[in-house]
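Novice: Below: one structure in structure tokens.
The values are calculated or read from the model by the stated rules, or taken from the named source; none is laboratory data. As the structure is a computational prediction, the values presented were derived from the model and not from experiment. Note that each Cβ is placed from the backbone with ideal geometry, even for glycine, and that neighbours are counted across all protein chains shown. Just the protein is used for accessible areas: all its heavy atoms, side chains included, with ligands, DNA and RNA removed. Shrake-Rupley method; radii C 1.70, N 1.55, O 1.52, S 1.80 Å.
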Amino acid sequence: MSLIDHNALIGPYPFRRLPDPTPQRLIAEMDRLGIERAWVGHVPSIFYRDVAAGNDELFAALAPHRVRLLPVPAVHPAFPGWPREIARARAEGCPAVRSYPSHYGFAASGSAARELAAACADSGLELVLTVRLEDARQRHRLDTAAELIGADVRALVRAHAEVRLLVTAADRALVEEVHFGATPEEAARIRWDVSWIWGPPEDHLAQLFRTVGRERFVLGTHFPFRLPESALAKLELAS
């Protein structure tokens with residue numbers, strides 16, 4: 001079975017130095033760990049006002065590596081011209097787009113979020129949401145964007161009957177809050193990556209496999225914020 005990393009990022013982070021967050025290092029880590037392909041987002045696009053410029057940088061950086069690195073561009077649904085980024089993602093064969101309600105300043109239950117959910121559903125694109133980039137205890141005092149909460153995820157999955165979500169960097173508590181507070185139909189349209197879920201000795205991931213279902217979880221390393229081998233080890237130990 002081929003391994004796909006559904007949560008990798010490239011590019012510099014404004015609040016601390018990341019160790020070589022480049023496509024070249026990502027591919028080296030993938031080769032080392034036996035990961036065939038990765039869905040790749042762009043860290044600066046989280047902080048750009050106009051994410052189209054960040055998407056330009058993402059596509060250019062990944063152009064030599066498109067066989068293995070699949071771009072997942074950012075979409076800011078409260079900024080003019082955002083449907084062009086949806087159209088570009090579809091034209092480029094991207095599997096998904098990413099959006100960051102807290103960083104971009106739009107409500108997950110508002111009209112912008114509903115329009116984004118509808119556009120993703122109509123275009124066949126999964127919508128990737130990120131709960132957090134790093135542990136709150138490590139955050140710079142100027143890094144004030146709130147973490148995604150369960151109500152945000154529930155609002156977005158209910159924004160359109162066919163939108164599909166991939167939620168990254170969620171912990172066990174948030175997964176359980178959303179999953180058991182959703183209808184079976186809503187829960188079936190949400191996937192979770194394993195990057196922030198504890199493995200042994202707490203065994204949160206193994207418990208979620210039993211209660212939520214293993215099919216709802218995917219490999220996500222959260223490169224370069226976390227060591228990629230951690231996600232693989234958790235999956236192996238929880239199997």
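Novice: Out of all the residues in the stretch 18-33, which are out of contact with any Phe, Trp or Tyr (no Cβ under 9 Å at 6 or more places or on another chain), open to solvent by 20 Å² or more (accessible area, probe 1.4 Å), in contact (Cβ under 8 Å) with a residue 40 or more places away in the chain and of a type outside the set (D, E, K, R)?
Specialist: Pro19, Ile27, Leu33
Matching residues to (1) over 15 Å from the mean Cα position of the chain (by Cα); (2) not in a helix (DSSP H, G or I):
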| residue | (1), (2) |
| --- | --- |
| Leu129 | no, yes |
| Thr144 | yes, yes |
| Ala155 | yes, no |
| Ala159 | yes, yes |
| Leu166 | no, yes |
| Glu176 | yes, no |
| Ile197 | no, yes |
| Pro200 | yes, yes |
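Novice: Among the residues of the stretch 176-218 satisfying the criterion of being over 22 Å from Asp152 (Cα atoms) and touching a Leu at 6+ places or on another chain (Cβ under 6 Å), which is least open to solvent (accessible area, probe 1.4 Å)?
Specialist: Restricting to residues being over 22 Å from Asp152 (Cα atoms) and touching a Leu at 6+ places or on another chain (Cβ under 6 Å), the top hit is Gly199.
Matching residues to (1) surrounded by fewer than 16 Cβ atoms within 10 Å (Cβ to Cβ); (2) closer than 23 Å to Leu3 by Cβ; (3) among the aromatic types (Phe, Trp, Tyr); (4) in contact with a helix residue (DSSP H, G or I) (Cβ under 7 Å, 6 or more places away or on another chain):
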position: Tyr100; (1), (2), (3), (4): no, no, yes, yes
position: Asp122; (1), (2), (3), (4): yes, no, no, no
position: Arg137; (1), (2), (3), (4): yes, no, no, no
position: Ala145; (1), (2), (3), (4): no, no, no, yes
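Novice: Out of the stretch 89-98, which residues are outside any loop (DSSP other than H, G, I, E, B) and open to solvent by 20 Å² or more (accessible area, probe 1.4 Å)?
Specialist: If the condition is that a residue be outside any loop (DSSP other than H, G, I, E, B) and open to solvent by 20 Å² or more (accessible area, probe 1.4 Å), then Arg90, Ala91 are the ones that fit.
Novice: Of the conditions (1) more than 19 Å from Tyr100 (Cα to Cα); (2) crowded, with 16+ Cβ neighbours inside 10 Å, Val67 satisfies every one except a single condition; which number is it?
Specialist: (2)
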